[in-house]
2 protein chains.
Amino acid sequence: MDDAPAETELSELESEAVALFVRLVQLLGLPKSIGQIYGLIYISPRPLTMDDIVSRLGISLGSASQGLRQLRTLKAIRVTYIPGERKDHYLPETEFRKLFANFIEDQLSPHIEVGRDAIDHMTRLAESSSEADAIHYRARIDKLRRLHSIAGRLTPAIARFINF
Amino acid sequence: MDDAPAETELSELESEAVALFVRLVQLLGLPKSIGQIYGLIYISPRPLTMDDIVSRLGISLGSASQGLRQLRTLKAIRVTYIPGERKDHYLPETEFRKLFANFIEDQLSPHIEVGRDAIDHMTRLAESSSEADAIHYRARIDKLRRLHSIAGRLTPAIARFINF
DNA sequence: TCGTTTTTTCAAGTTTTTTTGAAATAAGTG
DNA sequence: CACTTATTTCAAAAAAACTTGAAAAAACGA
């Protein structure tokens, strides 16, 4: 019945919101489309469907579907069911504290884990080397261990800091 | 006089150091070669030349030159002049506190700056909109402003935290 | 200054990441 | 259940990021 493609231009406010989140997610190493989608949902006064996102941002269905999934995984958005509507409607999580906690947990913590194993392995390698350089290696590896320890304590500290 | 290409394999310890820093710089959104180069210089008992880096890591001169430049810009390495040697020799900056302070200053602070302008612009746009949604927009933009303020205070706080 | 060695630059090539679009699947409705 | 609509999947295309190598420039030493 309605077959107009609803290609409404973004308002200036929406454009700014989208651009802001695009920059933010690129800083975090996530794809641009994630920032576009979240930005639009974030600023919107009401829940948006995947269709809204596709038509307003001019991105493909595939991008939208994958982007929405990743945002759900990060718990940056959630679905709300509107009675009598078939499509899923998406709402933003607006508590950035939670968003960053999830991001740290999902994207950072695993790497810190791997780092510990690497440093332990390096320690063993340096111990079994009885060369003249062994002292040097131990000192450098110790510095790494201290850095690692700080990283491990930093992420929870940041989460606390954000808790305004 | 010596024309052997000095293609010494990396020791296991060197490989681990390189791999560790590759992961770290990828987390920070920097190219892999930056991590390789810094990792090798970091673990080395003595200063290395660009040539050492090219031959030991098996990367191109171009990559090495560009990577070394970026590392100098970040103040992650510095040149040491060795009497009677023509080539530049590179030493690592091993104080991670300084490294992160430089990184934040160079790569993060500019973005935070831009964010403030964007939020101010959004505020003006929302104020001039006299629609029913204006209240909603103001609330969302205020949350952004709080996030931005936290980001601005967080980076110096991290620098202090690392100061062990 | 001249010849040699070292470093930088940058266009082209390669690799990696992201996006697309069409087909398949799933989900909601009558 | 059959039909329609919505969503997901994934191979291929496009875009972005990184690396290469050869030529140019700079630096050094005699």
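The values are calculated or read from the model by the stated rules, or taken from the named source; none is laboratory data. Just so we're clear, the structure is a prediction, and the values are computed from it rather than from any experiment. Here Cβ is always computed from backbone atoms with ideal geometry, including for glycine, and neighbour counts include all displayed protein chains.
Taking B:Met50 and the conditions (1) within 14 Å of chain A (Cβ to nearest Cβ); (2) touching a Lys or Arg at 6+ places or on another chain (Cβ under 8 Å); (3) under 25 Å from B:Glu16 (Cα atoms); (4) not basic (Lys, Arg), which numbered condition does it fall short on, given that it satisfies the others? Just one mismatch for B:Met50, condition (1). Of all residues in segment B:9-28, those satisfying the criterion of being more than 9 Å from chain A (Cβ to nearest Cβ) and more than 19 Å from B:Glu93 (Cα to Cα) are B:Glu9, B:Leu10, B:Ser15.
For every residue, the table says whether it meets (1) away from chain A (no Cβ under 11 Å); (2) within 25 Å of A:Arg153 (Cβ to Cβ).
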{"residue": "B:Thr73", "(1), (2)": "yes, no"}
{"residue": "B:Tyr90", "(1), (2)": "yes, no"}
{"residue": "B:Pro110", "(1), (2)": "no, no"}
{"residue": "B:Thr123", "(1), (2)": "no, no"}
{"residue": "B:Glu131", "(1), (2)": "no, no"}
{"residue": "B:Ile135", "(1), (2)": "no, no"}
{"residue": "B:Ile141", "(1), (2)": "no, no"}
{"residue": "B:Ala157", "(1), (2)": "no, yes"}
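Please work out if B:Ile119 is in the same structural domain as B:Arg145 (by TED's automatic domain parsing), touching a His at 6+ places or on another chain (Cβ under 8 Å) and at pLDDT 95 or above. It is true that B:Ile119 is in the same structural domain as B:Arg145 (by TED's automatic domain parsing), touching a His at 6+ places or on another chain (Cβ under 8 Å) and at pLDDT 95 or above.
Quick check: is even one residue across segment A:5-23 surrounded by 15 or more Cβ atoms within 10 Å (Cβ to Cβ) and in contact with a strand residue (DSSP E or B) (Cβ under 6 Å, 6 or more places away or on another chain)? Within segment A:5-23, none of the residues are surrounded by 15 or more Cβ atoms within 10 Å (Cβ to Cβ) and in contact with a strand residue (DSSP E or B) (Cβ under 6 Å, 6 or more places away or on another chain). Answer yes or no as to whether B:Tyr42 is within 11 Å of DNA strand D (Cβ to nearest atom) and assigned by TED's automatic domain parsing to the domain that holds B:Ala19. Answer is no for this residue. Condition check for A:Ile150 on (1) touching a Phe, Trp or Tyr at 6+ places or on another chain (Cβ under 6 Å); (2) within 12 Å of another protein chain (Cβ to nearest Cβ): one failure, at (1).
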